[in-house]
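A.B. asks: To start, I am sharing the structure in question, which I have written as structure tokens.
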Ligand code: PAF
């Protein structure tokens, strides 16, 4: 395991790898859980060398309190990574190392992918994600970079950014990893009480039921049904539920043949914002 905090050292490590088409990259903000570890395992199985970045990116937080509260657990992150492979390179730069003297956010034209769902509720969030992922990809220059489908909108936006900026990398989406009761893995789950962590299984249960209904019922019927389920469970506060085209993320009007759809959900439980999604067809 090599740990570096500077671009200069990272560069030296990357040149020592000296093999082609064999570098995998997993960008993270740390506080690693089984979802991240699944990405790292996949990267390790598909690449000779793997870099994992741990960087809490200030430009993607629209809520400064959230940024302050974000858990920093470098030591335990490193010991988790060591268990996957001893030859991973961990890049954990400071904010100054990434943004120099001025923390600036690039503005991208994501073709509307950023205007729906998370984008509606988190101002400028995706420009911040685009900015840091573009910077990290240019520093690490991986052949493949791995992202979880829990943040499906983020995954599509990163694919778009890579296209726009012509960055030569394969962006690989990886399936959502769930707790045994179905709750999607997230560092935020740690902030839930034990009881709520159990109850929050309802989110995936509802998504699975929606998937079953999708074959025979209209999208509107399903959306109303989901809203009703959450009205009946007042411990949850539904922020949005959408069924959208997986490529454009445009909300469904009417089911079209040859179009793939997903249902997306954001819910508050004990003031913790949880997101999840499911492929419907
Ligand atoms: O998904 C995340 O953890 C972050 O948004 C990412 C991709 C590491 C960028 O900061």
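A.B. asks: Out of everything in the stretch 108-138 that is touching a strand residue (DSSP E or B) at 6+ places or on another chain (Cβ under 8 Å) and more than 13 Å from the ligand (Cβ to nearest atom), what residue ends up being nearest to residue 94 (Cα to Cα)?
C.D. replies: 121
A.B. asks: Oh, and also: Only one of 76, 45 is within 23 Å of residue 159 (Cβ to Cβ) and at pLDDT 95 or above; which? If you could, list the steps in order and put the result at the bottom.
C.D. replies: Values: 76 fails: within 23 Å of residue 159 (Cβ to Cβ).
None of the others qualify; the one that does is 45.
A.B. asks: Quick one: which of 207, 223, 238 is in contact with a strand residue (DSSP E or B) (Cβ under 7 Å, 6 or more places away or on another chain), over 29 Å from residue 38 (Cβ atoms) and modelled with pLDDT of 95 or more?
C.D. replies: Working: 207 fails: over 29 Å from residue 38 (Cβ atoms); 238 fails: over 29 Å from residue 38 (Cβ atoms).
One residue alone meets the criteria, 223.
A.B. asks: Tally time: how many residues in the stretch 146-171 are over 12 Å from the mean Cα position of the chain (by Cα) and within 15 Å of the ligand (Cβ to nearest atom)? Before the answer, list the steps.
C.D. replies: In the first step, residues of the stretch 146-171 are kept if they are over 12 Å from the mean Cα position of the chain (by Cα); the result is 159-171.
Still in the running and within 15 Å of the ligand (Cβ to nearest atom): 159-162, 167, 169, 171.
Of the residues in the stretch 146-171, 7 are over 12 Å from the mean Cα position of the chain (by Cα) and within 15 Å of the ligand (Cβ to nearest atom).
A.B. asks: Every residue in the stretch 39-56 that is in contact with a strand residue (DSSP E or B) (Cβ under 8 Å, 6 or more places away or on another chain) and surrounded by fewer than 19 Cβ atoms within 10 Å (Cβ to Cβ), please.
C.D. replies: Here is the first cut: in the stretch 39-56, the residues in contact with a strand residue (DSSP E or B) (Cβ under 8 Å, 6 or more places away or on another chain) are 39-40, 42-44, 46-55.
Of everything in the stretch 39-56, those that are in contact with a strand residue (DSSP E or B) (Cβ under 8 Å, 6 or more places away or on another chain) and surrounded by fewer than 19 Cβ atoms within 10 Å (Cβ to Cβ) turn out to be 42, 46, 48.
A.B. asks: Test of understanding: among 109, 138, 127, which residue is in a loop (DSSP other than H, G, I, E, B) and either in contact with a helix residue (DSSP H, G or I) (Cβ under 7 Å, 6 or more places away or on another chain) or modelled with pLDDT of 95 or more (or both)?
C.D. replies: Working: 138 fails: in a loop (DSSP other than H, G, I, E, B); 127 fails: in a loop (DSSP other than H, G, I, E, B).
Unique residue meeting the criteria: 109.
A.B. asks: If you go through the stretch 244-252 one residue at a time, do you hit one that is part of a loop (DSSP other than H, G, I, E, B), within 18 Å of the chain's Cα centre (by Cα) and either over 24 Å from residue 35 (Cβ atoms) or free of Cβ contacts under 8 Å to residues at least 24 places away in the same chain (or both)? Talk me through it step by step, then tell me what you get.
C.D. replies: From the stretch 244-252, those part of a loop (DSSP other than H, G, I, E, B) are 246-250, 252; that's our starting set.
Add one more test, that the residue is within 18 Å of the chain's Cα centre (by Cα), and what stays is 246-249.
Keeping just the survivors that are either over 24 Å from residue 35 (Cβ atoms) or free of Cβ contacts under 8 Å to residues at least 24 places away in the same chain (or both) gives 248.
Yes; the residues of the stretch 244-252 include at least one that is part of a loop (DSSP other than H, G, I, E, B), within 18 Å of the chain's Cα centre (by Cα) and either over 24 Å from residue 35 (Cβ atoms) or free of Cβ contacts under 8 Å to residues at least 24 places away in the same chain (or both).
A.B. asks: Can you name the residue in the stretch 254-267 that is touching a residue at least 24 places away in the same chain (Cβ under 8 Å) and over 18 Å from the mean Cα position of the chain (by Cα) and is also farthest from residue 221 (Cα to Cα) among such residues?
C.D. replies: Of all residues in the stretch 254-267, those touching a residue at least 24 places away in the same chain (Cβ under 8 Å) come to 254-255, 261-267.
Subsequent filtering for residues that are over 18 Å from the mean Cα position of the chain (by Cα) retains 254-255, 261.
Working: 254: 12, 255: 12, 261: 15 Å.
It comes out as 261.
The values are calculated or read from the model by the stated rules, or taken from the named source; none is laboratory data. Just so it is clear, the model here is predicted, and its values are computed rather than measured. When we count neighbours, we look across all protein chains shown, and the Cβ atoms used for this are built from the backbone with ideal geometry, even at glycine.
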